[in-house]
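Have a look at the structure below, then the notes.
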Amino acid sequence: MQRDPDKQTMEKAYARWAPVYDVLCGPVFVNGRRAAARAARDVGGRILEIGVGTGLSFDDYDAATEITGIDISEPMIARARLRAASGRYPFVKGLAVMDAHQLRYDDASFDCAVGQFVITLVANPERVLSECARVVRPGGQIILVNHLYSERGLAAAVERLLAERARGLGLRPEFPFARLAAWAQMHGGAELVERRKVPPFGVYTLVRFRRCEPQSAAA
């Protein structure tokens, strides 16, 4: 596997993407985005979306939810704030420039944390997942949607070949599901409840973890 992306590279990449992100990436990511939001709506309540970007996902939520969004990119958050200011999304309660490696929220602040096309791009995915688990209440969920590494065959070879060039564009095609599973096992407080391909083409994978209930002390 290639090295993890660094924070500075990702900030620069998404500053460049911000003005054109909705037009170029909106249609490409729409099925995965809607699948993640649908799963989050099923949980309901207070939802933290890490890597909220320009707020494209706002249309996928409703008044049964309360959305807080963060992103490391100031240009992206600026566009999300403009979208929220339209008045169409009263359920969007907060937007902030914030590093998902160090979430400035109390433990168990949210019912659900959602990461759409972001977990493969952070400098330390395991740290970000642990932060998500910390701020999600017991019984709540962490919901991820992403392209994950094909692991074998021609697709895997192509993804490895393109990996370094894609990094500068803010992409990472060679991140494996096994790394997510290993985090859950190591963390011990999250369990995998779903892993499925998103139709129609199965390019993206939806992954859901449940935050485990704390075990009561032995008598």
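Yes or no: ALA123 surrounded by 13 or more Cβ atoms within 10 Å (Cβ to Cβ), within 13 Å of the chain's Cα centre (by Cα) and modelled with pLDDT of 75 or more? Give the steps one after another, and end with the answer.
Numbers: surrounded by 13 or more Cβ atoms within 10 Å (Cβ to Cβ): yes; within 13 Å of the chain's Cα centre (by Cα): no; modelled with pLDDT of 75 or more: yes.
In short, no.
Okay, residues lined up against (1) loosely packed, with under 14 Cβ neighbours inside 10 Å; (2) in contact with a Ser or Thr (Cβ under 7 Å, 6 or more places away or on another chain):
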{"site": "ARG41", "(1), (2)": "no, yes"}
{"site": "LEU48", "(1), (2)": "no, yes"}
{"site": "THR54", "(1), (2)": "no, no"}
{"site": "ARG79", "(1), (2)": "no, yes"}
{"site": "ALA85", "(1), (2)": "yes, no"}
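Within segment 32-46, identify whether any single residue is at pLDDT below 95, assigned to a loop (DSSP other than H, G, I, E, B), in contact with a Cys (Cβ under 9 Å, 6 or more places away or on another chain) and not polar (S, T, N, Q), and answer yes or no. The answer is no; no qualifying residue exists. Pairing residues of segment 13-38 that are surrounded by 13 or more Cβ atoms within 10 Å (Cβ to Cβ) with residues that are at pLDDT below 85 and of a type in the set (A, V, I, L, M, F, W, C), at Cβ distances under 7 Å and at least 6 apart in sequence or on separate chains, gives ALA13/LEU169. Here ALA64, ALA133 are screened, and the one residue that is modelled with pLDDT of 95 or more, of a type in the set (A, V, I, L, M, F, W, C) and at negative phi is ALA133. Sub-9 Å Cβ pairs linking a first residue in segment 191-219 that is exposed (fewer than 10 other Cβ atoms within 10 Å of the Cβ) to a second residue that is modelled with pLDDT of 95 or more and part of a loop (DSSP other than H, G, I, E, B), at least 6 apart or interchain, are PRO214/GLY189, ordered by first then second residue.
When residues in segment 56-83 are screened for being among the charged types (D, E, K, R) and assigned to a helix (DSSP H, G or I), 6 of them pass.
Taking the condition in contact with a Leu (Cβ under 8 Å, 6 or more places away or on another chain) and modelled with pLDDT of 95 or more, does PHE110 pass? Even if it seems obvious, please write down each step before you answer.
Values: in contact with a Leu (Cβ under 8 Å, 6 or more places away or on another chain): yes; modelled with pLDDT of 95 or more: yes.
The answer is yes for PHE110.
If you filter segment 198-210 down to residues that are within 16 Å of the chain's Cα centre (by Cα) and not hydrophobic (A, V, I, L, M, F, W, C), you find that the one that is farthest from GLY32 (Cα to Cα) is ARG210.
The values are calculated or read from the model by the stated rules, or taken from the named source; none is laboratory data. Model, not experiment: these values are computed from the prediction. Because the Cβ atoms are built from the backbone with ideal geometry, glycine has one as well, and the counts that use them run over all protein chains shown.
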